[in-house]
Amino acid sequence: MFYCSSCQCFAVTLCHLSWSHIQDDQYFVTYTIESMLEFLWIEEVAHEDTSYKVLFPITTPPMARPPQVRNYTPLDTVPEQAVFVLELATFNLDVELLNITFPTMVLTVAECNARGFNVQEQRSPDNTLKTFRMEVPFSDSVVFKERRAEQGVTTFTLQLIYGLVIFPEYPLFSYSAVVDAVLSDIVPPSVTGNCDQENFHITVDYRNQEPFFVVLVGKRLLYHELAQQYLTEGDADFTITLPFSSPDAVFESVHSSSVRSRLDVALLNPYNNMTIKYFSMACSFLKTTTECFSNGTMTALAVKVESAPGLNPGQLTLSDPACGPTYSDDRFAYFHFTVNTCCTIRKAVISNSPLLRC
């Protein structure tokens, strides 16, 4: 028998654990706190400290946590490019996704990814929970399609059963889901074009539907400032009028009296940048590249073509290396000189196709 002059009790939490359980194919979780109780007292006679430690785990009753399928599918797109974006949430880290059952087949996670479904496991910021994300294109055969012509829409339905397992005990369970999306039957826009003596004219007809695309002219998006400069709108179409010498066009070839220029136009999905429609048109435009004047001067124009991407027009010279361009930029070099300089050669020309006539 001893007498205690001072007694104390301390509680210390060693770890906090969360476990997954299955009851009747339903998902439950429990939480366990591994606590330790420490009793400390001092004997009155011997004045000695004595401690006693007890491990005292506390586990909660099973709590239901039904999984949920979150549907992040964007609906403002065309069916050919639409994708179901689904997340199955949320689970403890001891749960793994084994396979997914569709109406016509069962696919493992690896087979889903090989098919392009992009199945990914994502974890919470504190690394305590996980979700399973998947992308299924509307165009895949596992998606059921029903067109309602009278309403002008198409319904896309995806039925799936997630097959899951809990480690390390390996109990299997599943979760079924049906998701659908309704898209308007959008007719792809048409693009046509023609040229006059100075300009390209590109017309985009979106057929009485709201435009669902952005326009790429050359390498630039047709934003507000560029649209104000080049675009004319109609009721169900718009026309882009662009000079052949615009930096948005490219030069394919140059001849003594003409320049061949090309304009590329693409209609892009603004959400994934996929091309909805591509149109390209090339025309030859009359352009004199060399001229002689009565005052004894000449001009010459050099144009950078697409096949010479590394050419720097500012470094071009005439036969005399000292005769550089009067003006140049990244596409043109303009020369102005007198006929008795720059190694100019005078020729008597009799044929109808002279290289230079003065």
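The values are calculated or read from the model by the stated rules, or taken from the named source; none is laboratory data. Keep in mind that this is a model prediction, so the values were computed, not measured. Here the Cβ positions follow ideal geometry from the backbone for every residue, glycine too, while neighbour counts run over all protein chains shown.
Just one of the numbered conditions (1) without any contact (Cβ under 8 Å) to a residue 40 or more places away in the chain; (2) part of a strand (DSSP E or B); (3) of a type outside the set (Asp, Glu) is not true of Val136: (1).
Selection within the range 281-299: residues that are in contact (Cβ under 8 Å) with a residue 12 or more places away in the chain and assigned to a loop (DSSP other than H, G, I, E, B). The member of this set that is surrounded by the most Cβ atoms within 10 Å (Cβ to Cβ) is Lys287. For the range 1-90, the strands (runs of 3 or more DSSP E) that sit wholly inside it and include 2 or more residues that are modelled with pLDDT of 85 or more, under 30 Å from Pro137 (Cβ atoms) and of a type outside the set (Phe, Trp, Tyr) are 68-71.
Exactly one residue out of Phe173, Phe251, Phe213 is closer than 30 Å to Glu291 by Cα, touching a strand residue (DSSP E or B) at 6+ places or on another chain (Cβ under 8 Å), of a type outside the set (A, V, I, L, M) and in contact (Cβ under 8 Å) with a residue 40 or more places away in the chain: that is Phe251. Scanning the range 300-321 for residues that are in a loop (DSSP other than H, G, I, E, B), under 20 Å from Asp248 (Cβ atoms) and of a type outside the set (Val, Ile, Thr) yields Lys304, Glu306, Ser307, Ala308, Pro309, Leu311. Contact map, the range 323-347: first residue at positive phi and in a loop (DSSP other than H, G, I, E, B), second residue surrounded by fewer than 16 Cβ atoms within 10 Å (Cβ to Cβ) and of a type in the set (S, T, N, Q), Cβ cut-off under 6 Å, separation 6 or more or different chains; pairs are Cys343/Ser319. Hey, any hits in the range 251-264 for a residue that's assigned to a loop (DSSP other than H, G, I, E, B) and crowded, with 17+ Cβ neighbours inside 10 Å? The answer is no; no qualifying residue exists. Take the conditions over 29 Å from Gln81 (Cβ atoms), part of a loop (DSSP other than H, G, I, E, B), of a type outside the set (S, T, N, Q) and modelled with pLDDT under 90 and apply them to Glu210. Does it pass? Considered against the rule, which asks whether it is over 29 Å from Gln81 (Cβ atoms), part of a loop (DSSP other than H, G, I, E, B), of a type outside the set (S, T, N, Q) and modelled with pLDDT under 90, Glu210 comes out as no. Picking from residues in the range 265-280 that are buried (at least 18 other Cβ atoms within 10 Å of the Cβ) and assigned to a strand (DSSP E or B), the one that is farthest from the chain's Cα centre (by Cα) is Val265.
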